[in-house]
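What follows is a set of notes on a single structure, which appears directly below.
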Amino acid sequence: MDTITQLRNDPRPASAPVPLAQLQAAHKRYGKVIALDGVDLEVHAGEVVSLLGANGAGKSTAIGLMLGLLQADAGAVTLFGRPPGALDARRQTGVMLQDGGAHGDLKVHELLALTRSYYPRPRSIDECVTLAGLEGLLQRRYDKLSGGQQRRVQFALALCGRPRLLFLDEPTTGLDIQARQQLWRAVRELVAEGCGVLLTTHYLEEAEALSDRVVVLDRGRVVAQGSVSQIRAHVGQRRIRCVSALAAAQVLCWPGVRAATRDGDRLEIVAETAEPVVRRLLDADPLLQDLEVLRAGLADAFIQITAEEEAA
Amino acid sequence: MDAAIEFPVETHSFQSWRCYLLEAKYELLRQVRQPAFVLPTLLFPTAFYLLFGVMLSRSAAAAEYMLAGYGVFGIMGAALFGFGAGIANDRERGLLRLKRALPAPAGSWLLAKMAAAMVFAAVISLLLAVLAYTLGGVALAPGQWLALFAVNVIGIVPFCALGLYIGSLVGGNAAVAVVNLLFLPMAFLSGLWMPLSILPDIFSRLAPVWPAYHLGQIAMKVVGHDAGGSVWLHLAVLTVVTVVFFVLARRRLAAAA
């Protein structure tokens, strides 16, 4: 079988663990639209992998394949080394889909009881309540909850089965900062217990806060992957801000300057490396104040990676 | 597969029968919590029967005929609205997708919905029997009461299949509209409200087109007012209807997910 030979050819030592979920050269198209164009992706126990990308980049398709909701047109998909539809593999996974979906006319404790009954070793109700922050919500009807509360219930449903692999498709959309941080804490707790997590998100600070690895998708292809700092380093640029009378157009002509813009009395410069530009700035304008040099965040890296792809 | 990850023993020995029970229990609870479904489903057949079968009825034979007819009418509503429109709603809200992503055994939601429809059919059948016995002056042998009950409860299956197909084709609101378009004309044209013999001949000749006619005829046969067709033929037609619509719906649902 394909899967097995490929695993044997894997350059890693034989003791390397089988990934919890794996896509190998996965292709998927909807009619003429190519959703995934040869994507390789692995999630291992005890790590958080973040899938980043714009809408339509293929994130949800990748999750759909791993969950067995979709069939790949080509390539191999495995979940715990099995075909993704297998019931015993699905019993090791928890899932929070992007479009939510829960029986609105059931109460929260009923939804939990039903979902727990699908799993051989579910968490206790109390444990679910604490992890997902459902205090005081158990007796409420799901459709009477706020959007953020519903998202927390969905998170509880995802973790109630004590999964070894958790799929979180944009889990914190609609959550306030506090609820988001509670969810992050819970995810870290699960990961510390050895759970693997595949996360898709629009919030880059979420990926920065949680991920061990980041995979950037653009129009169905992996355009970058690595740790958060590797992705950041991929984009060596620095952002320099200061109050200065220098003209943006003048600074833009300096070597190493990629962009220069003026916002009121502030000048903002994007440079490949900060030091030579800063030196020249200070020479050129002795009155310069409020100098700041920022490392590129994941957001800058992400924008640049996808922009480079578009230019290519 | 040597690449597969070993699971703890309890994963393999896990008996999931309990989730079938819970699924059915909560499905019933969901339907009971929707007054817009419960009230028409229970009130239409009983109120119509009370009016036409009891108050306006001129003979015990008419009361018997209508007991059988309104029973089939009532359970058909429970199956088409509760099952068909319910599935369309669930599908629209992404519930079926979630069930497939969760380790819910395949088809457990289908069985749960069917069980809920059967409970509604049983309640409708009992309500009608009480009205017929107490107010309508209908006297049947115990075996006849039981047979009528069984026809009503088991008779939902072909209409669940039809409802499933409708629910797989269109969204929630559209499904209610389609079911309404189908439900009332089919009940009338199948002779569930009045004998087709009092209508022009063409109605009797076209009636076998409708699945409701065949279930209606089986129910009428129990009370001795059928048109004289073979039970086996009616059963065969209903079986074919069930299989065809289940297969069609399955294909639609598999493609849509």
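Bear in mind that the values in this text are calculations on the coordinates, not laboratory data. Treat the numbers as computed from the prediction; the structure is a model and nothing was measured. Ideal geometry is used to build each Cβ from the backbone, glycine not excepted, and the neighbour counts take in all protein chains shown.
Note on chain A: with charges restricted to the Cβ of Lys and Arg (+1) and Asp and Glu (-1), its dipole about the Cα centre is near 800 debye.
Over all orientations, the protein assembly as shown has a Cα convex hull whose mean projected area works out to 34.9 square nanometres. Of all the C-alpha pairs in the range A:162-282, what % are more than 17 Å from each other? Percent of Cα pairs beyond 17 Å in the range A:162-282: 67.
Taking only alpha carbon atoms, the range A:30-232 gives an Rg to Rh ratio of 0.96, where Rh is the Kirkwood radius. Looking at the range A:123-239, the DSSP beta bridges with both ends there are about 50 percent antiparallel. Here the gap between residue B:206 and residue B:47, fully extended at 0.36 nm per residue and compared with their Cα-Cα distance, gives a gain of 54.4 nm. Between residue B:17 and residue B:60, what FRET efficiency comes out of the Förster formula 1/(1 + (r/R0)^6) with R0 = 60 Å and r the beta carbon distance, rounded to 0.05? Efficiency, from the Cβ-Cβ distance: 0.85.
Relative to one another, the C-alpha centroids of the range B:147-209 and the range A:151-191 are positioned 46 Å apart. A straight Cα-to-Cα reach below 23 Å connects residue B:99 with the lysines A:28, A:59, A:107, A:144, B:25, B:113, residues fewer than 8 places away in its own chain not being considered. Structural size metrics of the range A:237-295, computed from C-alpha coordinates, are Rg and Dmax of 9.8, 25 Å.
Other protein chain C-beta atoms within 10 Å of residue C-beta, averaged over A:84-94: 4. Full extension of the chain between residue A:303 and residue A:185 yields a length gain of 39.8 nm, computed as 0.36 nm times the residue separation minus the alpha carbon distance.
Measuring nothing but how far apart in sequence close Cα pairs (under 8 Å, 6+ apart) lie, relative to its length, the range B:19-256 scores a relative contact order of 27 percent. Across peptide A:119-131, the average count of Cβ atoms from other chains found within 10 Å of a residue's Cβ is 2.
Return the single residue from A:247, A:224, A:233 with maximal mean-square fluctuation; model: Gaussian network over chain A, springs between Cα atoms under 10 Å. Taking springs between Cα atoms under 10 Å, the residue moving most is A:247.
Quick one: of the DSSP bridges fully inside the protein assembly as shown, what percent are antiparallel, nearest 5? Antiparallel bridges: around 70 percent, rounded to the nearest 5.
Take the Cα of residue A:71, step 7 Å toward its Cβ, do the same at residue B:230, and the gap between the two points is 4.0 nm.
Just subtract the alpha-carbon distance of residue B:29 and residue B:154 from 0.36 nm times their residue separation and send over the number in nm, one decimal.
Gain in length upon complete extension: 42.9 nm.
Projected label points at residue A:130 and residue A:37, each 7 Å from Cα along the beta carbon direction, are separated by 4.9 nanometres.
All C-alpha to C-alpha distances of chain B, sorted into 10 Å bins beginning at zero, yield P(r) values of 7, 29, 32, 19, 8, 3, 1, 0 percent in whole numbers. Remark: spin-label model distance residue A:258-residue A:229 equals 2.0 nm, labels positioned 7 Å along the Cα→Cβ axis. Scoring A:281-290, B:186-195 by mean Cβ neighbours within 10 Å over their residues and listing the highest first yields B:186-195, A:281-290.
Be a star and scan the range A:136-164 for residues whose amide nitrogen sits under 15 Å from the point 7 Å along the Cα-to-Cβ vector of residue A:109. Zone members listed by number: A:136-142.
Measuring nothing but how far apart in sequence close Cα pairs (under 8 Å, 6+ apart) lie, relative to its length, chain A scores a relative contact order of 18 percent.
Tell me, what is the FRET efficiency for residue A:249 and residue A:205 to the nearest 0.05, using R0 = 35 angstrom and their Cβ-Cβ distance as r?
Once rounded, the FRET efficiency stands at 0.55.
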